[in-house]
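Data block below; observations after.
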Amino acid sequence: QVQLVESGGGLVQPGGSLRLSCTASGANFRFLIMGWYRQTPGKERELVASLSYSGDTNYADAVKGRFTISRDNAKNTVSLQMNSLKPEDAAVYYCNKVRIPKYNWGQGTQVTVSS
C-alpha cells in the first residue's frame with residue numbers, strides 16, 4: 001500500500017519561504033502527474049501545483065509566480081518551493097497524484113504564515 005509522507009511545513013512570516021517535500025513508499029513518481037494540494041478548515045482541498053512526467057507544470061492563479069513544483073526522480077520526491085508567502089497561503093499541504101484513482105492521502109504538512 002502506498003504511503004505518502006509530506007514534510008517541510010512550519011511557521012513563517014509573510015514574505016518568507018518554505019520548501020515542502022513529498023516521498024512515498026510503494027510508489028514511483030517518475031511516470032505520474034503529481035500535484036500539491038492544500039486545505040483549510042471548512043474548505044475543499046484544492047490543487048495548487050502539478051507536474052507531469054514530461055516536466056509540464058501548472059499552477060493555481062493564487063500561487064503562480066511564487067510557487068515552484070519539482071521532482072527528483074533519483075530520490076522519488078516531489079517538492080514545492082514556496083516564496084513570498086502570504087497569510088492566505090496558510091493551510092495543510094498534501095501531495096498526491098492528479099489523476100484518479102488517487103493514493104490514500106497522507107497526513108499533510110501544516111504551513112502557517114503569520115507575523
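The values are calculated or read from the model by the stated rules, or taken from the named source; none is laboratory data. Keep in mind it's a predicted model, so treat the numbers as computed, not measured. No Cβ is skipped: glycine too gets one built from the backbone with ideal geometry, and neighbour counts run over all protein chains shown. What goes into the accessible areas is simple: the full protein's heavy atoms, side chains included, and nothing from ligands, DNA or RNA. Shrake-Rupley method; radii C 1.70, N 1.55, O 1.52, S 1.80 Å.
Determine ³J(HN,Hα), in whole Hz, for all residues of region 95-110 in sequence, where each value follows from phi through the Karplus function 6.51 cos²θ - 1.76 cosθ + 1.60 and θ = phi - 60°; x replaces Gly and Pro.
For region 95-110, the Karplus-derived couplings read 10, 5, 5, 7, 7, 9, x, 7, 6, 4, 5, x, 7, x, 9, 7 Hz, x marking Gly and Pro.
Per residue, how big is the convex hull of the chain when only Cα atoms are used? Give it in Å³.
Once divided by residue count, the hull of the chain is 95 Å³.
Calculate, for region 1-93, the solvent-accessible area per residue in square angstrom, rolling a 1.4 angstrom probe over the heavy atoms of the protein chains.
53
Mind checking which aspartates and glutamates have their C-alpha under 15 Å from K75, skipping anything on the same chain fewer than 8 residues away?
E6
Using θ = phi - 60° and the Karplus curve 6.51 cos²θ - 1.76 cosθ + 1.60, what whole-Hz ³J(HN,Hα) does each residue of region 61-75 get, with Gly and Pro shown as x?
4, 5, 10, 4, x, 10, 10, 9, 9, 8, 9, 10, 5, 5, 9
Accessible area of region 17-61 with a 1.4 Å probe: how many percent of it is carbon plus sulfur?
Ligands and nucleic acids excluded, carbon and sulfur reach 46 percent.
For F67, which sequence-distant residues (separation of 5 or more, or a different chain) have an amide H within less than 5 Å of its own amide H, given hydrogens modelled in the peptide plane?
Excluding prolines and chain starts, which carry no amide H, the hits are N83.
Which order do peptides 87-99, 54-66 fall in by mean Cβ count within 10 Å, highest first?
Top to bottom by mean Cβ count within 10 Å: 87-99, 54-66.
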